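This report refers to the structure that appears directly beneath it.
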Amino acid sequence: MDTVLRSRTKTVVIGSDKPFCIIGERINPTGRKVFAQQLRDGDLSTAAADAQAQVAAGADMLDVNAGIPLVDEAELLVKLIGLVQDTVDAPICIDSSVVEALDAGLSAYEGRALVNSVTAEDDRLEAVLPLVAAHGAAVIGLTNDETGIPHTAEERLRHARKIVSAAADYGIEACDVVIDPLAMPVGADTEAVANTLQAMRMIRDELGVNMCVGASNVSFGLPDRLTLNAAFLPMAMAAGLTSAIMSTADVVVRSTRAADLLLGHDEWGASWIAAHRARQAAVEATAS
């Protein structure tokens, strides 16, 4: 089943037989003190530069988050969404845990957005899903609830079932629920990635929905994070992952595009060959 997202001028389709959907993670002030202060001061120039750089690096969509303490998140989110829409043509993943901010962002967005996110908690489902339905959006469903993050794949599948079922109650089709089976830091739990991959396989086999993770989480706290992220993503794609909020660093993007080719999602390697030729041309242009 396909999840269709749109900006003003571009359509992106997430699906099991489609090229992997790269959602750029950079427009997020979490852990970025300088960027957060710029946003507080009303300076959105870094966000514009990040939007352009991520799309140039291969992002199909962009995650946009405005969560800063002591700032009107709804107002800032609307400004960021407007800026990104005016800067690039990529569809947006509207990222907030504040319902009022999500409502404002969805109202400001021109297209069909992906909402990041809802959990399996009853109160969150009741608060977020009506907004998603009212705005005709799609939504990421995180497989955790008020008790925290489940350790086992079976529990995550159970939460995924609940989210898909609850969404249906609001008229949201399963194709518009993108399940997040929760990528956790392998540095804190050596079984974390194995559990996530097992959850992906189980969700794919039973529910058949699209899936998305915050891919950079797997390498948190470890050195050479980009290499770990680049290794994780093809493994996850083979287990059923169809999109990720992730770094657009070259090594990570190339690993996903290589996996697209090897998994049969890049017919005759057309995209892989075109990207290689573009890189060669850029190198030759720089040399000359």
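The values are calculated or read from the model by the stated rules, or taken from the named source; none is laboratory data. Predicted, not measured: the structure shown is a model, and the values here were computed from it. Here the Cβ positions follow ideal geometry from the backbone for every residue, glycine too, while neighbour counts run over all protein chains shown.
Brief remarks on what is shown
- Lone qualifier among Ala74, Ala57, Ala51, Ala47 - being at pLDDT 95 or above, in contact with a helix residue (DSSP H, G or I) (Cβ under 8 Å, 6 or more places away or on another chain) and closer than 25 Å to Val177 by Cβ: Ala74
- Residue match in segment 22-43 (condition: aliphatic (A, V, I, L, M), buried (at least 16 other Cβ atoms within 10 Å of the Cβ) and more than 15 Å from Ile245 (Cα to Cα)): yes
- A search for C-beta distances below 6 Å between a residue of segment 130-151 that is at pLDDT 95 or above and any residue that is among the basic types (Lys, Arg), counting only pairs 6+ apart in sequence or on different chains, returns Thr143/Arg156; Pro150/Arg156.
- Count of segment 180-233 residues which are of a type in the set (Ser, Thr, Tyr) and buried (at least 18 other Cβ atoms within 10 Å of the Cβ): 3
- Taking the criterion of being without any contact (Cβ under 8 Å) to a residue 24 or more places away in the chain and in a helix (DSSP H, G or I), the only residue of segment 52-79 that qualifies is Ala56.
- Segment 95-118, residues that are crowded, with 18+ Cβ neighbours inside 10 Å, without any contact (Cβ under 8 Å) to a residue 40 or more places away in the chain and not in a helix (DSSP H, G or I): Ser96, Tyr109, Val115
- Of the criteria (1) in contact (Cβ under 8 Å) with a residue 40 or more places away in the chain; (2) crowded, with 19+ Cβ neighbours inside 10 Å; (3) outside any helix (DSSP H, G or I), which one Leu157 fails: (3)
- Any hit, segment 230-252, residues being among the β-branched types (Val, Ile, Thr), part of a loop (DSSP other than H, G, I, E, B), more than 25 Å from Val118 (Cβ to Cβ) and modelled with pLDDT of 95 or more: yes
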